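Before any comments, here is the structure.
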Amino acid sequence: MKKAIKILWMFTPLLSLFPFILGGCSEKSEANTNNLKHIYEEQGVPVRTVVVKPTFFSTWFSYNAVLTGIEESTAQTMVADKVEKVYAEVGEYVQKDAVIVGFPTDNPSARYYQAKVAYENAKKSFERIENLYKSGGVSRQDRDNAYTAFEVASADWDAAQQAVYIKAPISGYITKLNVRESDNVQPGDELFVISKIYKLKAKVWATDDEVLTIETGQPVVAEWNGVEAAGRVVQVDMAMDQDKKAFGVVVELDNKDNSFRIGVTASVRIITYQNPSALVIERKDILREGENAFVYVVQEKTAKKHPVTLGRPQGLDVEITAGLDVGTQLITEGRMLIEDGGKVKIVSEG
């Protein structure tokens, strides 16, 4: 107890000084505030401003999407066998019906030689019956029967060839080749993909809010690996996909110089609005009173409150559709110290 009293006795002189210390700080702070207030009244509140100028402004939605050729087709094997020959390479342009992959012709399931012999015999038989028919040697029924047999044999021969020699279903670039010579395959295995890549397409998924402002014909920009391609919206689904809970939007892109690879995931931007001469300010420069928006501008060295009408936002920027004129000095810094009609001093103008 004596020790506690002794400690208290040691600090008593310091405690007695606190009111004077605090009073001194308070007086000093009040004096500084009065000095600043006097300076602001005399010289004006220091502010930074920017001159409002027309600028290009746009709004957009960004998505990630896989790019495919504007038209693509795959080819599958119809027999279980070993690949005998591959006639093309990835990246090569091929014409429709060009042979891309070949299989042995002696595969029993293909019936290549049987179909060939049956076709040749049917063809000779029909040609003989046709000549007899023209000379009146056989009836029309006999001629039609021979022609039917020839057509059936011809179709079988075509099928046998298609099973052995796999052709390009469309003209385009080979963008994927899944087999090499001597590979074993099974019926239904995908052999290759051919794509028309002078244009690309992609499908993105828009929310129910976004789809309200997306329309066919709107411009699109895709970016991949530092390269950009321009295009447009070609389809906007009217029904929501129940699995994705979103609306499908199909876009097409120009790829004339083949800068984009098929199957890559690119950033796709759908531009929903453009104004080449918009008045745009940053969101931070907008103040609010209830539902009303306003900004501070400089007029004759004083701050003036200007109501503004807000347009479309994009990122940190907002388009102003009414309330600002070109050339107006918009206050961007120092707003918290000013009041409507108060004197200001521009320290920096952008």
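Quick note: the coordinates plus some simple rules give every number you see, no bench work behind them. The model shown is predicted, which means the values in this text are computed figures rather than measured ones. Quick reminder, even Gly has a Cβ in these numbers, built from the backbone with ideal geometry, and neighbours come from all protein chains shown.
Can you run phi through the Karplus equation (6.51, -1.76, 1.60; θ = phi - 60°) for the stretch 74-91 and list ³J(HN,Hα) in whole Hz, with x for Gly and Pro?
10, 10, 10, 7, 10, 10, 9, 6, 9, 5, 8, 8, 10, 9, 9, 10, 4, x
Show log10 I(q)/I(0) for the stretch 72-191 at q = 0.09, 0.12, 0.17, 0.22 Å⁻¹, two decimals, from a solvent-free Debye sum over equal Cα scatterers.
Taking Cα atoms of the stretch 72-191 as identical point scatterers yields -0.36, -0.55, -0.82, -1.12.
Once you place label points 7 Å from the Cα toward the Cβ at R48 and D158, how far apart are they in nm?
Modelled inter-label distance: 7.5 nm.
Can you give the FRET efficiency for S277 and E349, using 1/(1 + (r/R0)^6), R0 = 25 Å, r = Cβ-Cβ distance, to the nearest 0.05? Provide the component values of the computation, followed by the final result.
Details: r = 22 Å, r/R0 = 0.87.
Efficiency, rounded to the nearest 0.05: 0.70.
What number, in nm² with one decimal, is the all-direction average of the projected area of the convex hull of the alpha-carbon atoms of the chain?
40.6 nm²
Report the residues of the stretch 262-288 in range of a label on N225: point 7 Å along Cα→C-beta, backbone N strictly under 19 Å from it.
Residues passing the 19 Å test: 262-269.
For an R0 of 51 angstrom, estimate the FRET efficiency from the Cβ-Cβ distance between K167 and S267 and round to the nearest 0.05. Spell out each step's value before the answer.
On the way: r = 37 Å, r/R0 = 0.72.
For K167 and S267, the calculated efficiency is 0.90.
Step through the residues of the stretch 228-238 one at a time and calculate ³J(HN,Hα) from phi using the Karplus curve (6.51 cos²θ - 1.76 cosθ + 1.60, θ = phi - 60°), rounding each to whole Hz and writing x for Gly and Pro.
Going residue by residue, I get 10, 9, 9, x, 7, 7, 10, 7, 10, 5, 9 Hz, with x marking Gly and Pro.
Helix-only mean residue ellipticity at 222 nm, the chain, DSSP H runs n ≥ 4 weighted -39,500 (n - 2.57), per residue, nearest 500. What is it?
Mean residue ellipticity at 222 nm (helix-derived): -9500 deg cm²/dmol.
Equivalent-ellipsoid semi-axes (√(5λ), Cα gyration tensor) for the stretch 227-350, whole Å, largest first?
One finds semi-axes of 43, 18, 12 Å for the stretch 227-350.
What length, rounded to one decimal in nm, is gained on full extension from D241 through to N258, with 0.36 nm per residue of separation minus their alpha-carbon distance? Present the calculation step by step, with values, prior to reporting the outcome.
Working: separation 17, 0.36 × 17 = 6.12 nm, distance 3.18 nm.
Extra length available between D241 and N258 comes to 2.9 nm.
Within the stretch 93-110, list the residues whose amide N lies under 15 Å from a label point set 7 Å along Cα→Cβ of K82.
Answer for this model: 102-108.
Near I170, within a Cβ-to-Cβ distance under 13 Å, what is the net charge of the other residues, with Lys and Arg +1 and Asp and Glu -1?
0
Stretched out fully, how many nm does the piece from K305 to S62 gain, at 0.36 nm a residue minus the Cα gap?
Here the answer is 83.9 nm.
Please report the spacing between the Cα centers of the stretch 250-269 and the stretch 227-246 in Å, no decimals.
14 Å
For a label point 7 Å from the Cα of K199 along Cα→C-beta, name the residues of the stretch 217-256 whose backbone N is under 14 Å from it.
Within reach of a label on K199: 217-218, 220, 230-235, 250-256.
Among the DSSP beta bridges whose two residues both lie in the chain, what percent are antiparallel, rounded to the nearest 5?
DSSP beta bridges in the chain are roughly 95 percent antiparallel.
Tell me which lysines have Cα within less than 27 Å of K96's Cα, excluding those fewer than 8 residues away on the same chain?
Here the lysines satisfying the reach criterion relative to K96 are K82, K85, K116, K123, K167, K176, K196, K199, K201, K203, K256.
If the reach is capped at under 18 angstrom between alpha carbons, list the aspartates and glutamates near K301, excluding any in the same chain fewer than eight residues apart.
Those aspartates and glutamates meeting the cut-off are E41, E42, D325, E333, E339, D340, E349.
If packing is taken as the mean number of other Cβ atoms within 10 Å per residue, what is the order of 146-157, 173-184, highest first?
Going from most to least packed, we get 146-157, 173-184.
Could you sort the peptides 67-80, 226-239 by per-residue average Cβ neighbour count (10 Å cutoff), highest mean leading?
67-80, 226-239
When Lys and Arg each count +1 and Asp and Glu each count -1, what net charge do the other residues less than 15 Å away from T77, Cβ to Cβ, add up to? Write down the numbers at each step before the final one.
Working: positive: K82, K85, K167, K176, R180; negative: D81, E84, E181, D183, D189, E190.
Net charge in that neighbourhood comes out at -1.
Give me the distance in nm between label points sitting 7 Å out from Cα along the Cα-to-Cβ direction at D142 and Y113, one decimal.
Rounded to a tenth, the inter-label distance reads 3.3 nm.
Once both labels are modelled 7 Å past Cα along the beta-carbon direction, what's the R288-T321 spacing in nm?
Those two pseudo-labels are separated by 1.8 nm.
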